[in-house]
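Everything on this sheet refers to the single structure shown next.
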Amino acid sequence: MSENATSSSSADPRVRLAYERTYLAFERTQMGWVRTALSFISFGFAIAKFFEWVREQHPANGPLLTPRAIGLLMIVCGLAALLLSELQHRRALKVIRKECPGLPPSLAGATAAFIAVLGILALLGVLLRQ
């Protein structure tokens, strides 16, 4: 009896639309995390590059925690947030795809991967530039 109830409820267009709305909510949440991570990465890169330029103009001994270190930390935090959000996003999509298999591929996941590559390049750019 439970198999018939499941079959009939999955054929209901309202149930399908509910799964699609949930899927889109997951996508919006992931894009929110991508924006947050991108902000961390770009602001960290800007801090590191700006204070590197200031140091070239006015060389002096700086404090223990330099602006470059803060910039690197922000880039790493952005990449970590992106990684953790992508893991959560994949786990959520795996659950919803079991119930509703015809959902499209995640564009938010592809965007997160692209931003992660840019973040890694920014991190390498700051690390390799002494």
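Here, each number is a calculation from the coordinates, and none is a lab measurement. Just so it is clear, the model here is predicted, and its values are computed rather than measured.
Measure nothing fancy, just the Cα-based angle from helix 2-11's long axis to the longest principal axis of the chain, in degrees from 0 to 90, nearest 10.
The angle comes out near 70 degrees.
Give me the angle, in degrees from 0 to 90, between the Cα long axis of helix 67-99 and the longest principal axis of the Cα atoms of the chain, rounded to the nearest 10.
So the inclination is approximately 10 degrees.
What shape does the chain have by the C-alpha gyration tensor, where a ≥ b ≥ c are the square roots of the eigenvalues, rounded means a/c under 1.5, and otherwise prolate means a/b greater than b/c and oblate the rest?
Details: a/c = 4.65, a/b = 4.39, b/c = 1.06.
Since a/c reaches 1.5 and a/b is larger than b/c, the shape of the chain is classed as prolate.
If the elastic network links every pair of Cα atoms under 10 Å, which of 30, 57, 88 fluctuates the most in the Gaussian network model of the chain?
Residue with maximal mean-square fluctuation among 30, 57, 88: 57.
Relative contact order of the chain, please, whole-number percent, based on alpha carbon pairs below 8 angstrom and at least 6 residues apart. Could the numbers behind the result be given before it?
Numbers: 104 pairs, mean separation 46.9, N = 130.
The normalised contact order for the chain reaches 36 percent.
Run the numbers for residue 92 and residue 46: contour at 0.36 nm per residue of separation, minus the present Cα-Cα distance, in nm. Walk me through the intermediate numbers first.
Details: separation 46, 0.36 × 46 = 16.56 nm, distance 3.34 nm.
Between residue 92 and residue 46, full extension yields 13.2 nm more.
Give the angle, between 0 and 90 degrees and rounded to the nearest 10, that separates the Cα long axis of helix 107-128 from the longest principal axis of the Cα atoms of the chain.
Rounded to the nearest ten degrees, it is 20.
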